[in-house]
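The values are calculated or read from the model by the stated rules, or taken from the named source; none is laboratory data. Since the structure is predicted, the reported quantities are computational estimates derived from the model, not experimental observations. Methodologically, a virtual Cβ is constructed for each residue, glycine included, from the backbone with ideal geometry; neighbour enumeration extends over all protein chains shown. When the accessible area is computed, the model is the full protein with side chains, heavy atoms only, and any ligands, DNA or RNA have been set aside. Shrake-Rupley method; radii C 1.70, N 1.55, O 1.52, S 1.80 Å.
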Amino acid sequence: MDKKKTLQGRLINAPVVERSAQPGARRAFLRGLAGASAALASGGAAAGFTPGEPLPVPDSMKRLGKPVAAQPYSQPSPHEANVVRRQSPGLTRTNESSIAFTPLQNLFGIITPSGLHFERDHAGVPDVDPHQHLLALHGLVARPKRYTMEDILRMPSVSRVHFLECGANTGMEWGNAAVPTVQFTHGMLSCAEYTGVLLSTLLEDVGFDAKRARYLLAEGADGAALTRTIPLAMALDDAIVVYGQNGEMLRPENGYPLRLFVPGVQGVSSVKWLRRIEVGDQPWHTREETLHYSDLLPDGKSRQFTWIQEAKSVITSPSGGMTLLDKGGYYEITGLAWSGRGSIKRVDVSVDGGRNWKTATLQTPVLPKALTRFRFDWVWDGSPALLQSRCIDATGYVQPSIKQLREVRGTRSIYHNNAVQTWQVLASGEVRNVQV
Ligand SMILES: Nc1nc2c(c(=O)[nH]1)N[C@H]1C(S)=C(S)[C@@H](COP(=O)(O)O)O[C@H]1N2
Ligand SMILES: [Mo]
């Protein structure tokens, strides 16, 4: 365990939980740092304040600071060194085919800083030279083409804010509450401003055969040569061939210099290090859409293509692994909601395990297929509580409870778990992952 805390630790003690996150095992929770944090709280801004008395002069005012641009590319404050992506211990067998989870518990608003965007690689991160990189468009097209990065950067572009969620997000929770923190239950989720060329622009450029074309195949330039089938309708709707993320070029781990981005669709379809798009008339049934990314149903059959990420929400604070320090104090409950079908219409919050619901405030802008931040005022009376959020999207779809989802899907799935998450607050203030 890492004992350092972030600034939020003054009200809510959020020790980092780096326990084993193996499926099936409900882990003990850390007692946290109540002593250290209580000291911090009483030493806070309000302590010993006398009206009219001037503030003490801090050391920082008595000398010059570091020179401008001491770091040509800035890093977060060393006091925030705890806010990092983490791998779930024991989840994957290699570090190349693995996942780094976004620390959702530490983030504000809706945009994930690029350095904290979750990362899922099947064969590690390739080193792609943008001057050598080519994108081929072929198949049922009038004029097959190879594009250089320069060609792509010269085309008409768009910038859009969207969430990206791996289909396996929350996949460890199908059987029982298995992992301790929101970083591991929901952290295969990020949201960024993506910039690139609409795939429809490229498809028109090569003159796709509108009569016969039904599907596309996208291929990545990594050791996995990851390939996925994309329905043409989605490709023409809002799919983007992306080079920019949060105002700069993609990070290597997110597909530099070029990736596909299919808004609202499970992450695996957003092929990174994109090198080839083939236009065809039927699905390809590749490894990543047969062996993996299919949903095993209770009757033993497998549902093959689940494209859309259905509406889902989660409270990010207070959340598992934190400790509420002030008994009977005010706490802002906050979290994220999203839907692959469009915008979030409403988020309800319950503090009693779903018996009573009240509507949360949505932070604007509420954007389609993007994360939406919600907030809810809560005065904790010091007794045990069960915190839940439940969202409704613009289509009227209501996020299911884990019980409702299991009735349809069973417990043997990995992918597409969008159930309501429950965090239990104990009288001690400790918060833990439970299922009710
Ligand atoms: N070429 C390639 N594309 C890929 C992957 C990969 O391993 N190789 N992983 C996929 C999966 S499973 C997900 S969830 C997303 C993750 O994107 P990110 O790493 O930018 O978060 O990329 C997808 N695209
Ligand atoms: Mo994924």
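Assorted remarks:
- Residue that is farthest from residue 116 (Cα to Cα) [pool: residues in segment 50-99 that are free of Cβ contacts under 8 Å to residues at least 24 places away in the same chain and among the β-branched types (Val, Ile, Thr)]: 50
- Candidates are the residues of segment 280-304 that are within 16 Å of ligand 2 (Cβ to nearest atom) and open to solvent by less than 50 Å² (accessible area, probe 1.4 Å); the one that is nearest to residue 187 (Cα to Cα) is 293.
- The residue of segment 124-137 that is nearest to ligand 1 (Cβ to nearest atom), among those that are open to solvent by 40 Å² or more (accessible area, probe 1.4 Å) and within 26 Å of residue 292 (Cα to Cα), is 125.
- When 308, 277 are screened for being of a type in the set (Val, Ile, Thr) and within 16 Å of ligand 2 (Cβ to nearest atom), only 308 passes.
- Qualifying residue in segment 196-213 (condition: within 16 Å of ligand 1 (Cβ to nearest atom) and open to solvent by 10 Å² or more (accessible area, probe 1.4 Å)): no
- Residue count, segment 251-269 (criterion: of a type outside the set (Phe, Trp, Tyr) and more than 14 Å from residue 231 (Cβ to Cβ)): 10
- Scanning segment 218-230 for residues that are outside any loop (DSSP other than H, G, I, E, B), open to solvent by 20 Å² or more (accessible area, probe 1.4 Å) and either of a type outside the set (S, T, N, Q) or away from ligand 2 (no atom under 16 Å from the Cβ) (or both) yields a single hit, 219.
- Scan of segment 138-164 for residues that are within 16 Å of ligand 2 (Cβ to nearest atom) and in contact with a Ser or Thr (Cβ under 8 Å, 6 or more places away or on another chain), ordered by number: 163, 164
- Residues satisfying the stated conditions in segment 86-119, i.e. open to solvent by less than 60 Å² (accessible area, probe 1.4 Å), of a type in the set (D, E, K, R) and within 12 Å of ligand 1 (Cβ to nearest atom): 119
- Some residue of segment 168-178 being of a type outside the set (A, V, I, L, M), within 13 Å of residue 421 (Cβ to Cβ) and within 16 Å of ligand 1 (Cβ to nearest atom): yes
- The number of residues in segment 245-263 being touching an Asp or Glu at 6+ places or on another chain (Cβ under 8 Å) and more than 13 Å from ligand 2 (Cβ to nearest atom) comes to 6.
- Hits in segment 266-289 (condition: assigned to a helix (DSSP H, G or I), touching a helix residue (DSSP H, G or I) at 6+ places or on another chain (Cβ under 9 Å) and within 7 Å of ligand 1 (Cβ to nearest atom)): 268
- Screening the candidates 182, 161 for the property of being surrounded by fewer than 21 Cβ atoms within 10 Å (Cβ to Cβ) and touching a residue at least 40 places away in the same chain (Cβ under 8 Å) yields one hit, 161.
- Any hit, segment 48-71, residues being open to solvent by less than 50 Å² (accessible area, probe 1.4 Å) and in a loop (DSSP other than H, G, I, E, B): no
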